[in-house]
Every structure is written in structure tokens, then in C-alpha cells.
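Below: the structure, in C-alpha cells.
FYI, it's all coordinate maths here, none of it is from the lab. The structure presented is a predicted model; accordingly, all values stated were derived computationally and were not measured. No Cβ is skipped: glycine too gets one built from the backbone with ideal geometry, and neighbour counts run over all protein chains shown.
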There are 2 protein chains.
Amino acid sequence: MAKTILVVDDETRLVSVVEAYLEQEGYKVVKASNGREALFAARQEKPDLIILDIMMPEMDGYEFMRLHRKERETPIILLTAKVEDDDKVIGLELGADDYLTKPFRPRELIARVRAVLRRTGIAEPRAQVLREGNITLDRESHFVKVGEDFVDLTPSEFDLLAALLSSPGRAFSRLDLLDRLQGTAFEGYERTIDVHVKNLRAKIEQDPRNPHYIETVYGVGYRFRRE
Amino acid sequence: MAKTILVVDDETRLVSVVEAYLEQEGYKVVKASNGREALFAARQEKPDLIILDIMMPEMDGYEFMRLHRKERETPIILLTAKVEDDDKVIGLELGADDYLTKPFRPRELIARVRAVLRRTGIAEPRAQVLREGNITLDRESHFVKVGEDFVDLTPSEFDLLAALLSSPGRAFSRLDLLDRLQGTAFEGYERTIDVHVKNLRAKIEQDPRNPHYIETVYGVGYRFRRE
DNA sequence: AGGAAATATGAATAAATTATGAAGATTATG
DNA sequence: CATAATCTTCATAATTTATTCATATTTCCT
């Protein structure tokens, strides 16, 4: 059964990005934009993990934690605007399992989610291997194979390939892809994706000038060729 | 056959963590959150070892021990909140085989479990020798060989190498590795791992500046090179 | 075919990550 | 209790990656 994660933050954009990424990883996501909603959602959905912003209107993260802890022991990852020792201390006292400083990258979040779930003995949600054509990507072990050859990719290249490979045949816009790479960080320049694609092609394509796997969708973005 | 360990503690979180570590070591784990449940579970499962918290609601650890001892002689490791001589004395009088003070590190727990099982003549659950390339690591005898040469490692270095060696080719995040070393990565500083890696490389690599065995996976962590 | 728009590419620069040496803190040991 | 060993933290050097930018190439449309 897919693990459920409750994401609580008043920034809807951030929540959306986080949601997309967690869902891609195979988690079920429930959202709330303040402590009150979160309490309600926590009771309804009984999530396996809560990702919680501290600064929120109405009822802040600490208040939520205090109330929630009376009912359940769900592991919690705190989101903090910046590292303040106070926050760390208070969060720790209240029983947070980890914390993350905004802005953060999706990969960083995923790593922490995994770590916390493992630490608290909750199993992985699903196989972490993506395969299409001759390409294998293993998120768990973090390797990419072209045929039988292992290929070293940079983090951006790896995430980019993972995104494309998650839905072969689907065209992703540069904005989509940029979100996967940068998460909640401030907006970048879409063309950055082009460069990553170029570098990625150089590593996995037999003839980078005539790409077989990563196709350009003129006016839209890129897609991974479906067999 | 895998050895069964009964873990008894009212802190479900702690039980989950302990469960995760024991299972990773190849033990089968049964859980209970108070003395009553524990008695029931002990009768049902006939565990090879019991890890028992003293402070629990309903029926505390001492009471459980008294009752359980009438039925079986299962070795018991006690968990105590902090070292109180009284606890130690009472526990050992009642026949506990060892005790552990919270908070404790996974390696500490595992070490004591092994020791108690060995002392009471119960076999180890799985092979304790990891080998890859030119490196041999024996968890049982606690030695490391590079080729034919024995190498002295510190406890952290040993655990780090054991973790990496458990899945050659798999990239481990610093968070993962910190977990293995400290039990809870929340409080630690990830970069500590870098230093252990440096020191470990200095001991097992021919040319530490150009590591052969322990590879850096930029943006992710480290991995042991798969042959 | 011609031109506008989009993409590809190489190279320079900026940013992020890792490696390292050494100091300070902690833990084990006699 | 003192000493040694180990672990952690910190500052900074070295390395790798990400981003930007200028320009070449390709695609699309009429």
C-alpha cells in the first residue's frame, strides 16, 4: 500500500511542487494550508508522515505539533524559513524527526522522507527502478545503465532523466522539468534545461546529434521515446 | 532459521527504530508495548531473546520478568531510561543478561544482542563476512583485510565500510550513513561522514587522492565500487 | 526558398559540493 | 583522574556542476 504523506504549508505553489514530486515517487499526498486544516486531515487520513511548515497563519506548525502529538506519533519533517537554532531546538523538543530549510530541492526532500520512513520502520513505497528501451534508472541505488554499461550522471542530469523516464512518450515542458530540478528555489531560466539535455544526450545517446532516446518536441519541450 | 527477538517498549517509535535495525541484521522481530502484551507474545512466538523496557504502564518490566521467568529462560536485555544503580541491581538479580541505557546507538544494541546470543549458545543469523574486490570485512571477528593485509579501523570507519560494503554499487546518502553510525541523523552534521570517508580512504586505498574502492557520487553521497 | 522562431552548442562564469588539515569536544582506557 | 584515541566541527582549498550567454543550426510556416 502506498504511504500517505500530509504536506502542510500556506504557500500553495510550494505544496504543489512537493506534491508532484512525492507522487512521482509513489507516495499518496494529502494537502493542508494551515494547522487547523492539517489537524483535520491528519485525523481523517492518518498519514504515515507529515511535512510541516512552521510559519503559517491561524495555527502555526508548533501549535499543530503540540495538538497532534496528543493523538498520534506520526513522524514529522519540519520546514523552516532559515535555520534558527531556536527552531531546531523547539522542533526537536516537540518531537520532529528532521527539518529542512527553505528553499530546498526535491531530491533533498525525498532523501529525508526516505530516511525518516526507514528510521521509523516504515517500508519503501515501491520499486525504484525505471526502465524503457535500453535504459535503466535505479533511484534507490542511484545508478543509470545504458545496455550493460553504467553511466555517471550529475544530479541534474539524473533528475532530468528520471522525470522524463517516469512517463515515456509524454512531453514535458521546460518549466515542468525546471521544477523537478529546482523545486522551491526561485525561478530559473528555462533554457538551462536545454543545456542539461545536451549534456545528458552526450552521455546516453549513441549519436547525440541524432538523439534516439530523448526527443525534442518543438515548441513544447522534451520527451523520452516510448518503445 | 532467523532468530526471533521480542521488543517490548511503550514508545512505539523507539520500537520501530529498533525493529528496523534488527531486521536489517537478519532477525525476525515481534513487538509488544506493555508487559501484558509481552507475556502473550512470548508464549506465542517463543522468542530467542527479549529486549525489554523497564518503565511501562500496566505491567512494568520487572513484573514481566518475574512472570516470564516462571515459564521460560529466554535471555533478556533491559532498557533503562538512565543508569540507576538500583535498576541495574534489581534487573540483574532478576536474571537479565545485559542492560542498555537510553538513548543508545544501533551498533551498541546489535553488539549486545550478538553477545548475549553467543553467550547463551544461540547461533548467529547470517553470514558475517562481506567481500568485494580486494576487501574483506568480517563483522563477527571484526576485522578488515585489504588483500592479505589486516587494517585497523576505528568503530565509525568499520561501520561505514560495512554499510557501503553491504551493497556494492549502491550510492548511500550521507544521511543514510549517518543513520548507520549514530542511529538518528537528525542531530548530526552530515559532513562528518566526509571526514570518516577521508580517514577510511587513507587506510584502505592505495592512492587516497584517487580512490578506487570508495567512490564519491557528487550530490548524493558515496558508494563502494562494484567489481 | 526565405524569414522568424525555436533549439543546439561551446565556452565563460557563477554556484555548489567535496576534500582536507587542524582544532576542539567527547569518549574510552588504564 | 589523566591520557590516548576517536569523533565532530570548522575554515578553506580544490573540484565539479549549474547557469548564463553568444552564436550556430534547425524547424516551422507562408
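Just to confirm the numbers: residue B:44, label point 7 angstrom along the Cα-Cβ line, distances to the other copies in nm, shortest first?
Those separations, rounded to one decimal, come out as 3.4 nm.
Please sort by residue number the chymotrypsin sites (Phe, Trp or Tyr not before Pro) in region A:157-227 whose DSSP state is loop and whose Cβ has at most 13 other Cβ atoms within 10 Å.
Those satisfying the criteria are A:186, A:189, A:218.
Roughly how many Å is it from the Cα centre of region B:1-70 to that of region B:147-208, as a whole number?
31
Quick check: pseudo-label points 7 Å beyond the Cα along Cα→Cβ at residue B:104 and residue A:70, how many nm apart are they?
3.4
So how much slack lies between residue A:145 and residue A:46, counting 0.36 nm per residue of separation and subtracting their Cα-Cα distance, in nm?
Taking 0.36 nm per residue and subtracting the Cα distance, the gain is 31.8 nm.
When the Debye formula is applied to the Cα atoms of chain B, each taken as the same point scatterer, what base-10 log of I(q)/I(0) results at q = 0.11, 0.14 Å⁻¹?
Those come out to -0.61, -0.90, one per q.
Using the structure shown, list the pairs from A:31/A:102; A:46/B:28; A:46/A:70; B:145/B:203; A:145/A:203 with a Cα-Cα distance above 22 Å, or answer none.
Over 22 Å Cα-Cα: A:46/B:28.
Under a point spin-label approximation (7 Å from Cα along Cα-to-Cβ), what is the residue A:199-residue B:63 distance to one decimal in nm?
Result: 6.3 nm between the two label points.
Can you tell me what share of the DSSP beta bridges in chain A is antiparallel? A percent to the nearest 5 is fine.
Details: 18 of 35 bridges.
Percentage antiparallel, nearest 5: 50.
Mind checking the mean number of beta-carbon atoms from other chains within 10 Å of the Cβ atoms in B:213-220?
Values: counts 0, 0, 1, 0, 6, 4, 10, 5.
Other-chain Cβ atoms within 10 Å of each residue's Cβ, averaged: 3.
Using only the alpha-carbon atoms, how far is helix A:12-24 inclined from the longest principal axis of chain A? Give it as 0 to 90 degrees, nearest 10.
So the helix axis and the longest Cα principal axis differ by about 60 degrees.
Once the label point is set 7 Å along the Cα-to-beta-carbon vector, what list of distances in nm do you get between residue B:108 and its counterparts in the other copies?
3.1
Choose one answer from B:147, B:61, B:169: the residue with the largest mean-square fluctuation in a GNM of chain B with alpha-carbon springs under 10 Å.
B:147
Could you state the angle between the C-alpha long axis of helix B:192-204 and the longest principal axis of the C-alpha atoms of chain B, as a value from 0 to 90 degrees rounded to the nearest 10?
60
Using all alpha carbons of the protein assembly as shown, what is the percent of pairwise distances in each 10 Å bin, ordered from the shortest bin to the longest?
4, 18, 25, 25, 18, 7, 2, 0
Using alpha-carbon pairs under 8 Å, 6+ residues apart, how would you state the relative contact order of chain B in percent?
13
Along Cα-to-Cβ, 7 Å out, sits the label point; list in nm, shortest first, how far the one on residue A:176 is from those in the other copies.
Computed spacing set for this position: 2.9 nm.
I'd like the antiparallel share, as a percent to the nearest 5, of DSSP beta bridges with both residues in the protein assembly as shown.
50
Within region A:4-119, what percent of beta bridges assigned by DSSP are antiparallel, to the nearest 5?
Here the share of antiparallel DSSP bridges comes out near 0 percent.
Tilt of helix A:155-166 relative to the longest C-alpha principal axis of chain A, in degrees (0 to 90, nearest 10)?
That helix lies at roughly 80 degrees to the long axis.
Under a 5 Å amide H to amide H cut-off, with H placed in plane at 1.01 Å, what residues pair with residue A:98 once short-range neighbours are removed?
Here A:76, A:78 satisfy the definition.
Exposed loop sites here are trypsin sites (Lys or Arg not before Pro) in DSSP loop states with at most 10 other C-beta atoms within 10 Å. What is the longest stretch of chain A lacking them?
A:83-190
Could you work out [θ]222 nm for chain A from helices alone, using -39500 (n - 2.57) per DSSP H run of at least four and dividing by all its residues? Round to the nearest 500 deg cm²/dmol.
Helix contribution divided over all residues of chain A: -12500 deg cm²/dmol.
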